1. Quick check: anything in the stretch 144-151 open to solvent by 20 Å² or more (accessible area, probe 1.4 Å), assigned to a strand (DSSP E or B) and closer than 22 Å to ASP49 by Cβ?
2. Considering every residue within the stretch 59-80, establish whether at least one is over 23 Å from GLY27 (Cα atoms) and either under 12 Å from the mean Cα position of the chain (by Cα) or among the aliphatic types (A, V, I, L, M) (or both).
3. Looking at SER97, SER81, SER137, SER109, can you tell me which residue is in a strand (DSSP E or B), open to solvent by 10 Å² or more (accessible area, probe 1.4 Å), at pLDDT 95 or above and among the hydroxyl-bearing types (Ser, Thr, Tyr)?
4. Any idea which residue in the stretch 167-187 is least open to solvent (accessible area, probe 1.4 Å), counting only those that are hydroxyl-bearing (Ser, Thr, Tyr) and closer than 20 Å to GLY147 by Cβ?
5. Filter the stretch 32-61 for residues that are of a type in the set (S, T, N, Q), part of a strand (DSSP E or B) and under 16 Å from GLY105 (Cα atoms) and give the result.
6. Going by what's in this entry, would THR88 be described as open to solvent by 30 Å² or more (accessible area, probe 1.4 Å), under 14 Å from the mean Cα position of the chain (by Cα) and polar (S, T, N, Q)?
7. Would you mention how many residues in the stretch 112-134 are within 25 Å of PRO6 (Cβ to Cβ) and either open to solvent by 10 Å² or more (accessible area, probe 1.4 Å) or among the hydrophobic types (A, V, I, L, M, F, W, C) (or both)?
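The values are calculated or read from the model by the stated rules, or taken from the named source; none is laboratory data. Please read these numbers as outputs of a predicted model, since none were measured by experiment. Neighbour counts are summed over all protein chains in view; Cβ atoms, including those assigned to glycine, are modelled from backbone coordinates with ideal geometry. Protein only, heavy atoms only, side chains kept; ligands, DNA and RNA dropped before computing areas. Shrake-Rupley method; radii C 1.70, N 1.55, O 1.52, S 1.80 Å.
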Amino acid sequence: AASSGPYSGSYLWSDAANWSNGVPVAGDVVTVDGSGFDDLASLSLASLDLTNASETDVVGSSLTVTTVTSSGGTSLFANASNAGAPVTVTVGTIATSGGSYGALGTGGSFIDNSATDLGNSYQTLLGGLVELAPPPSGGSELVYNNGAATFALENPAASNGVAIQELTASDVLELPGTSVSNVSFGASSLSITTSAGTYAFTNVGYFGTPVSGY
């Protein structure tokens, strides 16, 4: 673990002593055991196995992974809050269910380009952005935290059972289309009509006072 600096006490990807085969380089197949910080400036991996990784925070400028595997209790976050600078994590495919993925802090972006959402927890905190290419699964959850956070859904279904949690004023939900003509707020639902169509969300939890405008 680092003995000094902003991540003192944490395991850093830049330290060769934390790896069995040296610091990861472009194209590598990587397995992580335990928690730590990816502090490498920019890295592109063929695969990343987080099954036994607990919490992995990316504080380097970018991490791109073709395939990620994880399990319940593991997480992968673009952590711009700790980095003090923009951080982008881009995943081609999340091949497992039960993991936690997200973005922390303004300038933090987590982009999931999977074809299918298998059921995971996605979280955006303190102004982070999480962008999902697949239609969100009814087995997944989208969790807002501490306001001014954004989820961008590229291909939502007409009706979506994904759990949206802690939605509050100043949070952002981006959907297909170039304009919004109507938003209907229910006690536990949300329906939005854009120039691309109408998108209903049937499992919505609001934080504090229910949102009533847009």
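1. No.
2. Here is the first cut: in the stretch 59-80, the ones over 23 Å from GLY27 (Cα atoms) are 72-73, 80.
When the remaining residues are screened for being either under 12 Å from the mean Cα position of the chain (by Cα) or among the aliphatic types (A, V, I, L, M) (or both), the result is 80.
Scanning the stretch 59-80 turns up at least one residue that is over 23 Å from GLY27 (Cα atoms) and either under 12 Å from the mean Cα position of the chain (by Cα) or among the aliphatic types (A, V, I, L, M) (or both).
3. Details: SER97 fails: in a strand (DSSP E or B); SER81 fails: in a strand (DSSP E or B); SER137 fails: in a strand (DSSP E or B).
Selected residue: SER109, the only one of SER97, SER81, SER137, SER109 that is in a strand (DSSP E or B), open to solvent by 10 Å² or more (accessible area, probe 1.4 Å), at pLDDT 95 or above and among the hydroxyl-bearing types (Ser, Thr, Tyr).
4. The first filter runs over the stretch 167-187 and keeps only residues hydroxyl-bearing (Ser, Thr, Tyr), leaving 168, 170, 178-179, 181, 184.
Narrowing further to those that are closer than 20 Å to GLY147 by Cβ: 168, 170.
Details: THR168: 34, SER170: 75 Å².
Looking at the filtered set, the residue picked out is THR168.
5. At the first step, the residues of the stretch 32-61 found to be of a type in the set (S, T, N, Q) are 35, 42, 44, 47, 51-52, 54, 56, 61.
The next check asks that each one be part of a strand (DSSP E or B); those that pass are 42, 44, 47, 51-52, 56.
Matches in the stretch 32-61: THR56 only.
6. Details: open to solvent by 30 Å² or more (accessible area, probe 1.4 Å): yes; under 14 Å from the mean Cα position of the chain (by Cα): yes; polar (S, T, N, Q): yes.
It is true that THR88 is open to solvent by 30 Å² or more (accessible area, probe 1.4 Å), under 14 Å from the mean Cα position of the chain (by Cα) and polar (S, T, N, Q).
7. Within the stretch 112-134, the first condition is being within 25 Å of PRO6 (Cβ to Cβ), and the residues that meet it are 123-130.
Now drop any that are not either open to solvent by 10 Å² or more (accessible area, probe 1.4 Å) or among the hydrophobic types (A, V, I, L, M, F, W, C) (or both), which leaves 123, 125-127, 129-130.
Of the residues in that region, 6 qualify.
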